[in-house]
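**Student:** This structure is in structure tokens; I'll ask about it shortly.
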Amino acid sequence: MLTVESVLADDALRHRAFPVTRELAYLAHAAVAPLPAVTVDAITGLAQRAGSRGQFEYLLGDAELQVRGQTAAMLAVSADEVALVPSTSAGLSMVAAGLEWRQGDNVVVEAGDFPSNTYAWRSLRRLGVQVREVEVGPVPLSRMHLRPHVDERTRLVALSSTHYLSGRPVDDLCGIGRWLRGIGILLCVDAIQTLGAQPLCGRHIDFTVADGHKWLLAPKGMGVLSVRRELFPILRPAVPGWRSVEDHRTLRVQETLASTARRYESGSLNEMGLVGLAASLGLLAQVGQHYVTERLRAARLRLVDGLRALDIPVLGTPELRDWGAIVSFHIPGTHGGEVARELQRAGVVVSVRHDASGAELIRAAPHFYTTDDDIDRLLDALSGHSKCKSRHEGTKQ
């Protein structure tokens, strides 16, 4: 059985389970994840079966049921409330396009959020819907920030569970969900930077969307959309298709939509992505969410402490216990892209993102199988910069 302890203690096991670790210290999970061996095997196995037998659904086995069931378990919702979508952007746009809007309605979003959680709602401006942007700053987003921006015409609040650049969480997301529901406002959450890394109380969220290619360790092109069952009547399928109806396997034109969230699925699924997501979810279920979250907290703190020892400014205040497993930083006098390329040559993979001013930040995002040596490999590579070198060498004595 795969556990956090067994993976971190046994290099041979870690290299077999996560082939990327044979050569790289991979710290870019907030961007895209490398695929675990079990996921690669699932995808190649399906490709081989499809090549010899044809692309028939029966070759998928129980992958569809597994994805719905395990996603539901992670979100504490029903499997019937989980739809399969091609991406987070697609899921958010399905919600935006599927609700009935009236001129004068408004949507509240966070200023500086990931673009996907802005474009979907800005598209509603053509209908006379106002998009209100909330400035939050470096502290966790809370009900206090939202309260001045909601009124009797607020239809929906759209948030990211964790900020993609700073790793800053939403403070008491469950409480915000309960509060908004109590005053008749919908809550839509982009959970791509949380699902797989931290627990999420989906039962208090009306719409939850996440792709699988980050913390879920799955392929691109397959994600999930959770819709609260009570909202099926008011969220129409924005892109209806043959899978949207109740008895879809008969391939007859019907008037009755599926009684489950499958009503939001239009056509054939990305089957390679589906079996890959099922395999990755199975791996994470075996390891356990609690153990993944605790390991990420420890890895993040080690990384933050090491960066601060090098006098490298870290974005936000990530010593907080519930801060996400994302650490963004900037080395004064350098360009983030150039530093990232240097790190790549040293066998360390990070991502680069821009802050509101346009400055290039380096973003590091470990996962549960990231070892302390991987983090130290990053710090050692950064210590080569003259402004950091002496301080880092002092901390290692």
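**Student:** For Gly333, state whether it is part of a loop (DSSP other than H, G, I, E, B) and touching a residue at least 24 places away in the same chain (Cβ under 8 Å).
**Tutor:** Criteria met by Gly333.
**Student:** State which residue pairs qualify: first residue under 19 Å from His354 (Cβ atoms) and in contact (Cβ under 8 Å) with a residue 60 or more places away in the chain and inside the stretch 113-139, second residue crowded, with 19+ Cβ neighbours inside 10 Å and among the hydrophobic types (A, V, I, L, M, F, W, C) in any location, beta carbons under 7 Å apart, and separation of 6 or more residues or different chains.
**Tutor:** Ser116/Leu92; Asn117/Leu92; Asn117/Val109; Asn117/Ala158
**Student:** Return only the number of the condition from (1) at pLDDT 95 or above; (2) on the phi < 0 side of the Ramachandran plot; (3) surrounded by fewer than 24 Cβ atoms within 10 Å (Cβ to Cβ) that Ile205 does not satisfy.
**Tutor:** So the condition that Ile205 fails would be (3).
**Student:** Of Val139, Val131, which residue is within 25 Å of Asp171 (Cα to Cα) and loosely packed, with under 14 Cβ neighbours inside 10 Å?
**Tutor:** Just one listed residue meets the conditions, Val139.
**Student:** Does Arg308 fit the bill of being in contact with a strand residue (DSSP E or B) (Cβ under 8 Å, 6 or more places away or on another chain), part of a helix (DSSP H, G or I) and without any contact (Cβ under 8 Å) to a residue 12 or more places away in the chain?
**Tutor:** Answer is yes for this residue.
**Student:** Can you confirm whether the stretch 143-165 contains a residue that is touching a helix residue (DSSP H, G or I) at 6+ places or on another chain (Cβ under 8 Å), part of a helix (DSSP H, G or I), touching a residue at least 24 places away in the same chain (Cβ under 8 Å) and closer than 30 Å to Pro366 by Cβ?
**Tutor:** No, the stretch 143-165 has no match at all.
**Student:** Being aliphatic (A, V, I, L, M) and out of contact with any Leu (no Cβ under 7 Å at 6 or more places or on another chain) is the filter; apply it to the stretch 236-258 and report the residue that is surrounded by the most Cβ atoms within 10 Å (Cβ to Cβ).
**Tutor:** Ala258
**Student:** Still on this structure: How do the helices (runs of 4 or more DSSP H) wholly within the stretch 1-82 filter down when requiring 2 or more residues that are farther than 19 Å from Ala218 by Cβ and out of contact with any strand residue (DSSP E or B) (no Cβ under 9 Å at 6 or more places or on another chain): which remain?
**Tutor:** So the answer is 4-9, 11-17, 37-53.
The values are calculated or read from the model by the stated rules, or taken from the named source; none is laboratory data. Note that the structure is predicted; figures quoted are calculated from it, not measured. Because the Cβ atoms are built from the backbone with ideal geometry, glycine has one as well, and the counts that use them run over all protein chains shown.
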